[in-house]
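The values are calculated or read from the model by the stated rules, or taken from the named source; none is laboratory data. Computed from a predicted structure; not experimentally measured. The protein model used for the area step is the full one, side chains on, heavy atoms only, and it has no ligands, DNA or RNA in it. Shrake-Rupley method; radii C 1.70, N 1.55, O 1.52, S 1.80 Å.
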Amino acid sequence: MQNTPDYLFHYTNIETLSLILANRTFRLTSLNQLDDLQEKETGDTPNFGQFCYVSSWTDDKTESIPMWNMYSSLESGIRIKLKANPFKLYKNSPDDISKIKLLSIIDSSTEAFQHSYIPLRCMLEQHFSCLHAMTPSFLHQVKYTNDQGKLYPNLILKHDNQILMMPDQLGLYKNEYWSFQKEWRYKLMCFPIGPDNSMEQLNIMASLMVNGIVKQPFSYYDLKLDDDAFSHMEITLSPKISPGYRLIVNSLIEKYNPTAQIYDSSLIGLV
């Protein structure tokens, strides 16, 4: 069982910071758009990684020069610190919950659907399903391995003449080459079928997804940050940040999140 850290860190650029602050959101991106090209692959299901959306963080409190260079910039980047599981939780209405036909195959009660990180109303209107958004946490510690069976997992299990799909195997392992990242990630599986569709419709869509015929419902999803996490955000400036970029960050914080804290890099003068 993983011991979830209290805080996580995310390296990015100032343009992305501006969108995070202005929209109070963080973006989860499909595996088929990440820098590790292995991640979207499976052992038996073509292009299934497109339905898995992640946001990558690290639990390493010490600044990393490789992380600055790969995901930000020594001259114009920032590192965000937020509490773990910082997303807004929505209360779903009884009317929306009553429309969930898949409820009977997942949970015998409506309790699991009372709250979610993506509103049920949004799923119903945009015709997609994301059961992970109903869980208390969708944060996972990435495991590093050379085991090909874990890097390219089989998602289809045949049992008693039934075909079962196990999509949760995706997005949990990376090649040992990436171990310097010390990565934790938020992971959601989002499928192009509404939660109000029937079991028969679900089976048809599952067959199409397994055979690589249908496309993802969207290429990314922006999750809202809760007010407390947002207001306690901490931002570290990159080691060689210019006075102009420093001014831009200060202006963004003053306008959108004046309670956030800004810190200089511990690597100033060392790189």
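Overall shape of the chain was characterised from the C-alpha gyration tensor. The equivalent ellipsoid obtained from it has semi-axes of 35, 23, 15 Å, in decreasing order. May I ask for the angle, rounded to the nearest 10°, between helix 14-23 and the longest principal axis of the chain, with both axes built from Cα atoms and the value confined to 0 to 90°? Result, in degrees: 60. Within the straight-line cut-off of under 28 Å between alpha carbons, the lysines reachable from Lys215 are Lys40, Lys88, Lys99, Lys101, Lys143, Lys150, Lys158, Lys174, Lys187, Lys224, sequence neighbours fewer than 8 places apart in one chain being disregarded. Averaging 1/r across all pairs of distinct Cα atoms in region 228-271 and inverting the result yields a Kirkwood radius of 11.1 Å.
Ligands, DNA and RNA are left out, and with a 1.4 angstrom probe the accessible area of the chain is 52 Å² per residue. For Lys40, Lys174, Lys61, Lys101, the ranking by accessible surface with the largest value first comes to Lys61, Lys101, Lys40, Lys174, using a 1.4 Å probe.
Compared with the dominant Cα axis of the chain, that is its longest principal axis, helix 243-256 is turned about 50°. Counting only protein heavy atoms and a probe of 1.4 Å, the accessible surface of region 154-271 is 53% carbon and sulfur. In degrees between 0 and 90, to the nearest 10, how far off the longest principal axis of the chain does helix 199-210 point, with axes built from Cα atoms? Approximately 60 degrees, to the nearest ten. With contributions of -39500 (n - 2.57) from each DSSP H run of at least four residues, the per-residue ellipticity at 222 nm computed over the chain stands at -6500 deg cm²/dmol.
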